[in-house]
Amino acid sequence: MEFLTIGAFARASRLSPKALRLYGELDLLRPARVDPDTGYRYYAAGQLGRARLVAWLRRLGMPLAEIRAVCALDAAGAAPAIRAYWDRVEAETAVRRDLAAFLVHQLTGATGREPLTMLELRHHAHSDRGQVRPANQDTVHAGRRVLAVADGFGPAGAPASSAAVAALRYLDDAEELAAGGVLHLLEDAVRSAGEAVGDLAGCGEVGTTLTALLWTGAELALAHIGDSRAYLLRDGELSRITRDHRVQPESLLLLKALTGGDAPVPDLRLQEVREGDRFLLCSDGLTEVLPDARIAALLAAGAQPERTVRLLVEEANAAGGPDNVSCVVADVVVSGRTSAPVD
């Protein structure tokens, strides 16, 4: 078998040696051979096709998690996956183009078109110990851009969930989020969250789930790992926008979580929003005791986010409260518009 040095392979694939090392660590593009004495990496000429595909997809701006999924497909499956990704990028670009036109209209006083409807989030978050657990290992956050729920486990579960959420909070201060780049930001933030959890490794087996939404000003980006959940209530219909990473549907064993081990691979997606949408992020302390139908009824009752969160937590505790329960409720509303509370 013909082997190429990492330098020669980098030149042929148009990937830097640094990128090749990263992709090897992420099990995306492992070297064909590693010298046991020097640790030097060698690649097979047959790996060039995959490497060039990775390079092209990165040039498109595709997040590593999606590249891994595309590379696992044959050509017939990869083509529609790439097309679907680019459709999302173009949709996000169109939203930002309209936002730019709106700003020009506002700043110049130009006439001839109706101003765009600007949306914002109104939200509330709360975490409760529940009726049984001696301590609360959940962490919630609802900031300017970031909504997040994390459910820690192990001896240092509370510090783990707190560290994971803290790793995302800097995104609250982002002034603008580039088209096609918001998922990159979330992916990097989740990787940082995993590293923060890894710093607690001396506390024994420890980890946390993490479900987060990042508001761009026009849509939401989702990052999810574990079995906390995100829901969307639209026109009275409730839909779950995450999937549980469990070994089996009824199992408490997680397939994926932030544990500080291998680089985390979260589910990442963009979520289109409309005026009137209501989002719920929650730990499994809510969903294990309240069926989706009851959650939908409480979300649809029309109460403001703070009151809705309070009702959700109260019902979970009334149902036994066997676990910590945490909720974030966020409404998509027209900027500057006030609404009478329904409590």
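The values are calculated or read from the model by the stated rules, or taken from the named source; none is laboratory data. Values in this document were obtained by computation on a predicted structure and should not be read as measured data. Neighbour counts are summed over all protein chains in view; Cβ atoms, including those assigned to glycine, are modelled from backbone coordinates with ideal geometry. Quick note on the areas: whole protein, heavy atoms, side chains included, nothing else; ligands and nucleic acids left out. Shrake-Rupley method; radii C 1.70, N 1.55, O 1.52, S 1.80 Å.
When you have a sec, figure out the Kirkwood radius of the chain from all distinct Cα pair distances and drop it here in Å to one decimal?
Working: mean 1/r = 0.0457 Å⁻¹.
Its Kirkwood hydrodynamic radius stands at 21.9 Å.
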Could you tell me what percent of the accessible area of the chain is made up of carbon and sulfur, with a 1.4 Å probe and every protein chain present?
53
Cα-derived Rg to Rh of region 239-293, Kirkwood definition
1.00
Stokes-Einstein D (µm²/s) once Rh is taken as the Kirkwood radius of region 263-343 over alpha-carbon pairs, at 37 °C in 0.692 mPa s:
233
Among 156-168, 61-73, 257-269, how do they line up from the highest to the lowest mean number of other beta-carbon atoms within 10 Å?
156-168, 257-269, 61-73
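Over 14 Å apart: what share of the alpha carbon pairs of region 2-61 falls there, rounded to a whole percent?
50
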Counting each pair of different Cα atoms once, what's the Kirkwood radius of region 144-245 in Å, rounded to one decimal?
14.2
Of the candidates 281, 253, 214, which one comes out as most mobile in a Gaussian network treatment of the chain with C-alpha springs shorter than 10 Å?
253
